[in-house]
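Reading through the structure tokens given below for one structure.
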Amino acid sequence: MTEPQPAAETRSEAAPDAADAGTDAVLRASKVTMRFGGLVANRDVDFVIPRRSIVSLIGPNGAGKTTFFNQMTGMLTPTSGDIQLDGTSIVGRTPHEIVELGIGRTFQNIRLFNEMSVLANVMVGRHVRMRASWVGSLLRLPAVRREEEETTERARELLDLVGLSRAYEGEWARNLPYGDQRRLEIARALASDPKLLLLDEPTAGMNPGETAQMTKLIGHLRDQLNLSVLLIEHDMKVVMGVSERITVLDYGEKIAEGTPEEIRSNPRVIEAYLGKQATAS
Amino acid sequence: MLPFLRRAVFIGLVAGLVIAHLSLVGLVVKLDDRDLITRLVSLGVMIPVITAFVAGFLAAAPRRAPETIEPGAATALLSGAVGGLFTGLLVAVMAWLIEAVNVHGVLVNASPLLVKTLHLGLDAVPGSLALVLGSAGLGVLGAAIRVLPASIRRGVLTGLVAVTGLALMQTFVGQILTGLGLKAVNSFLYARDGMTIAGALVALVAFGVSGWAWADRRDDVRQRFRSLGSAQRTSVRLVWLAIAVIILLTPPLYAGSFLSQALDLIGIYILLGLGLNIVVGFAGLLDLGYVAFYAVGAYATAVLTSPVSPFFAPHINFWVAVPIVMAITALIGLTIGAPVLRLRGDYLAIVTLGFGEIARIIFLSDWMTPYVGGAQGILQIPPPQIFGIDLRQPERLYYPILGACIIAAIAAISLARSRVGRAWTAMREDESVAEASGVNTTKYKLLAFSLGATFGGLAGALYAVRIGSVFPQDLNIIVSINALALIILGGIGSIPGVVIGAIVLVGLPEVLREFSEYRLLIYGIVLVAMMLLRPEGLLPNRSRRAELHKGEGEDEEAWDEEVWNRETGAETPEPMIT
């Protein structure tokens, strides 16, 4: 293992891993390290999401998955290392700037705008792609009204896409049943036309039937919208079923990376999940 | 039946205590001088009358817990009678005690005059009997209201409330009628002191019948309106719009100086409310120092336009000054907003509270005295002019205030329904998720602060020309509290709510003037009752109502059931994917 390098140097080089040099990557993280005081939550994580792929990030509890996720969305800034979206570094940018650059996200514990209508929730997601200024809104300029109509139309299309009935569009978000709230959250994230969609445990709390539907939806979205998708997920069935590549974190470090088959048989992964004895026996 | 009666006794005793309290603070005797219906019913007598009536009404209410039980008609009437009876008994006992024991030294208002008023002017024994039996009778009447069919109940209540309102607002209604040239109607309705008996009866019947008719036909009318063609619907709307315009434009012609002054003040508070509503209602930033912007607006106007302002010699025209004042307050909004951006909720409230006080103290300080006159304030602020006409009189100043209110209301509505308003609402709901959904929360907070400040500055400018002078001590925290209270009263985030809230909050004290020193007591009681009975405000937007009444509705149950269905796979709708 290499020593962690000073931030400035790492960022300026930003050299992709030799192994990944050839891939057309939508997101490329190199040597990302995140420290909280003495605690190292992520150490030298290299990570690539190929375009139009579905990649999963897994690991035992406390492995640093959410920390890594938060660095990709701008909630945290890496102590050192660089994260690039399509060649543009997102390190040091605010969350809304990163949304504008093309990363959309959902939350592990659903966080909708509860007291806004379903349609308005999606339209908030469209915010970064709209141009109306406050002056234009105040004066209700024709261009602003046109944009508002287009946004409404687009929001309805997205509700269709994620399988939410249009009958719900005037309902408050918090009145939706659980599974539909998950779908609404995805529709809101999609409204910003992301290149990369980050889903934080999208099937948490779902029954097997709903989980299967959600898995299908994720694949469908990738095909329809030319998206790349990064999943954080605990349900191994979902991970193995939907992912093309899997990255495993343990104690903040990347311990394995590969196709579902490779990960399934990787001794270090089994050790991380089940303890040392499992590999010995 | 027994639980109903037990509750009726309790309600009756509480009502009796209310009357005893209001008697002993002197309200009953004091208001006995003021006749509602001339030489028949005084305002003082109305206190026990209304209380007993309400006691009967409440005693006959359906029981809610553990399950809803509707009382039968007989039970309801009996409960009402018991409620009223106990109200009367308690008051009668109090009256007897006052006569038997001389407590005049301790309780100043426990006078023979009070006893006489409560005994309706009769001797001790017949008076007590009249009091108890009358009270029981009123309780029955109150309960009877419950038993009546809904449309008739609506009619009776409309009639009673209308007559009470007409009698209470004699000065205003009389002024308006005279102003409209309806002197004959005025002298038919009102004697010099209170309504005439004939006038009260006619008003009772007229309002009662129309209330009943409307309750009966309301749905039909709405149905008919919906079935109209779009062209007809537009013309109906135009007629309503025309009526609204006439109602808004004409008051100064007949309202007279005093009422116009009240209207001007209401208008200024509507402006304040609209501005603060952007900050608190839309963006969810609790600002308790809103008076700072009002003060800056007032002072900037004074400095720019007054010929005697100590520092700025050229006194410029009001209409030129207004945009400058608005720009200044917008800037102040930005500068106050910037340092407090990181704060949320309670912390923001406390810091803004501080800013509000700082503004007043700065205007009062020695340091600023050369510029804004310190405690002496700035005088001789000239009134605005239109085509050379001075708008000093309140009747004339009404129009620029009305114009400002309409523009501000339209601006607020346009913003609320736009990308900007959505971003604010999202921020109010969950700031970090709004940021993660692409809303630049820093920018939108500053925008809310400075737009709100601009409205406040405009209100301050109009305030300055209305009074003709500004003093730091008038621009205190009470203004902030009132602006916030009127938003909450009307329904937070709701623009019609701001208008209603301002009318009630600023108009009510004017109406209550004849209650003299009890004015604020009554005002406080009304506010407390309001918030208990309708916490969502008078005209809420729908989401707030849902939030505050969620325990009473079935929203949550429905949700749980749905979740259960899903989790058990009982009902699994197919998404669009194939």
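The numbers here are math on the coordinates, done by the rules we state, and not lab data. Owing to the predicted nature of the structure, the values given are computational and were not obtained by experimental measurement. All Cβ positions, glycine included, derive from the backbone under ideal geometry; neighbour counts span all protein chains shown.
Other residues within the sphere of radius under 15 Å centred on the Cβ of B:Ile522, judged by their own Cβ, net out at +1 (K and R +1, D and E -1). Averaged over peptide A:103-114, the number of partner chain Cβ atoms lying within 10 Å of each residue's Cβ comes to 3.
Between the listed residues B:Val221, A:Gln84, B:Ala529, the Cα displaced farthest toward the positive end of the dipole of the protein assembly as shown, a dipole computed from Cβ unit charges relative to the Cα centre, is found at B:Val221. The distance between label points at B:Tyr399 and A:Asn109 comes to 5.9 nm (points 7 Å beyond Cα on the Cα→Cβ vector). Would you mind giving the mean number of other chain beta-carbons within 10 Å of the Cβ of each residue in A:170-181, as a whole number? Mean inter-chain Cβ contacts per residue within 10 Å come to 4. If you take the Cα centroid of segment A:82-144 and the Cα centroid of segment B:393-413, the two points sit 36 Å apart. Can you show me the helix-derived [θ] at 222 nm for the protein assembly as shown, built from DSSP H runs with n ≥ 4 at -39,500 (n - 2.57) apiece and divided by the number of residues, rounded to the nearest 500. Taken over the protein assembly as shown, the calculation gives -19000 deg cm²/dmol. Among the residues of A:127-137, the average count of other protein chain beta-carbon atoms within 10 Å of the residue beta-carbon is 5. Any idea how far apart B:Leu120 and B:Ile69 come out in nm if each label point goes 7 Å out from Cα toward Cβ? Between B:Leu120 and B:Ile69, the simple spin-label model gives 3.4 nm. Panel order for B:His21, A:His234, A:His220, by other beta carbons found within 10 Å of each beta carbon, from fewest to most: B:His21, A:His234, A:His220.
Each Lys and Arg Cβ is given +1 and each Asp and Glu Cβ -1; about its Cα centre, chain A then shows a dipole of about 460 debye. Averaging the sequence gap over all C-alpha pairs within less than 8 Å and six or more residues apart, then dividing by the number of residues, gives segment B:361-505 a relative contact order of 28 percent.
If you plug the beta carbon distance of B:Arg392 and B:Ile481 into 1/(1 + (r/R0)^6) with R0 = 25 Å, you get a FRET efficiency near 0.30.
Computed over segment A:64-113, relative contact order equals 30 percent, with contacts defined as Cα pairs under 8 Å that lie 6+ residues apart.
Counting only Cβ charges, +1 for Lys and Arg and -1 for Asp and Glu, the dipole size of segment B:383-475 around its Cα centre is about 220 debye. Counted by neighbouring Cβ atoms within 10 Å, the residues B:Lys443, A:Lys31 run from fewest to most as B:Lys443, A:Lys31. With the simple spin-label model, which puts each label point 7 Å out from Cα in the Cβ direction, the B:Phe311 to A:Ser133 separation comes to 3.1 nm. Positive-end ranking of B:Val465, A:Ile58, A:Thr215 along the dipole of the protein assembly as shown, with charges on Cβ about the Cα centre, is headed by B:Val465. The count of lysine pairs in the protein assembly as shown that are at least 8 places apart or cross chains, and whose C-alpha atoms lie under 22 Å apart, stands at 11.
Taking A:Arg222, A:Arg43, A:Arg131 in turn, the Gaussian network model of chain A (Cα-Cα springs below 10 Å) assigns the largest fluctuation to A:Arg131.
A Gaussian network model of chain A, with springs between Cα atoms under 10 Å, assigns the largest mean-square fluctuation among A:Leu57, A:Leu217, A:Leu159 to A:Leu217. In the protein assembly as shown, taking the dipole from charged Cβ atoms about the Cα centre, the farthest positive-side position among B:Ala74, B:Gly208, A:Phe36 is held by B:Gly208. Placing +1 on the Cβ of every Lys and Arg and -1 on the Cβ of every Asp and Glu, with no other charges, gives chain B a dipole of roughly 1240 debye about its Cα centre.
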